[in-house]
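**Q** My questions all concern the structure below.
Read the figures in this text as sums done on the coordinates, not as results from a lab. Remember, predicted model here, so these are calculated numbers, not experimental data. Methodologically, a virtual Cβ is constructed for each residue, glycine included, from the backbone with ideal geometry; neighbour enumeration extends over all protein chains shown.
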Amino acid sequence: MTIEIANESGVGVDEAALVALAGHVLGQMGINPLAELSILVVDEAAMSALHEQWMGEAGPTDVLAFPMDELRPNQGGGSRGEEAAPDPALLGDVVLCPPVAAKQAAEAGHTAQDELEMLCTHGILHLLGYDHAEPEEHAEMFGLQGELLESWREVRRKPPE
């Protein structure tokens, strides 16, 4: 996988952990190992501008996803348990906002890094065609998000060999 990250937020984040997480999520989802993904970490002003421009909503949000190729995990080999997608794909961009994530993390009672990892996973699932507009979609997407984060945490807990 080619996973690029750019931190333009002015906030220190564990970029290596976010890249490793993204690789884990894409691997678990059976995405072609030659796929490309970009993660952009921005401040509240930049996120507000993107949020308004692309979603028509004022103010910052926690995560935005901008898909490039129309890749759906349940079609053409992207879901777990299937062969990897035959062609590499330019998946798109996940944009994260650490200041918003930190506020949400404080409210939820976990670390800002945990929140960023959840948001990154959420954004990747959007790039892969998942959505949560309908109750069934919500249950599927958030269930999968939870499974992926749990498997990521298990990987991180294992001592190096």
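**Q** What order, most packed first, do the peptides 150-158, 23-31, 95-103 have when packing is the mean number of other Cβ atoms within 10 Å of each residue?
**A** Taking the mean over residues of other Cβ atoms within 10 Å, the ranking is 95-103, 23-31, 150-158.
**Q** For E134 and A20, FRET efficiency with R0 = 41 Å and r from the beta-carbon atoms, rounded to 0.05?
**A** 0.80
**Q** Among 137-145, 120-128, 49-57, what's the highest-first ranking by average C-beta atoms within 10 angstrom per residue?
**A** Descending mean neighbour count gives 120-128, 137-145, 49-57.
**Q** Between L34 and M68, what length in nm is gained on full extension when 0.36 nm per residue of separation is reduced by their alpha carbon distance?
**A** Result for the pair: 10.8 nm of gain on full extension.
**Q** Continuing with this model, one more query. Just to be sure I understand the model, the point goes 7 Å from the Cα along the line to the Cβ. What's the resulting A49 to E4 distance in nm?
**A** Going from the A49 label point to the E4 one covers 1.9 nm.
**Q** Summing -39500 (n - 2.57) over the DSSP H runs of n ≥ 4 in the chain and dividing by its residue number, what mean residue ellipticity at 222 nm do you reach, to the nearest 500 deg cm²/dmol?
**A** -15500 deg cm²/dmol
**Q** Let me ask something else. Identify which of the listed values of percent of Cα pairs over 23 Å apart was calculated from the structure shown: [x] 36; [y] 44; [z] 40.
**A** Among [x] 36; [y] 44; [z] 40, the one calculated here is [x].
**Q** Under 19 Å from a point placed 7 Å out from the Cα of E154 along the Cα-to-Cβ direction: which residues of region 12-35 have their backbone N that close?
**A** Zone members listed by number: 20-31.
**Q** Please report the net charge: other residues with Cβ closer than 11 Å to the Cβ of A105, K and R +1, D and E -1.
**A** Net local charge, A105 excluded: -4.
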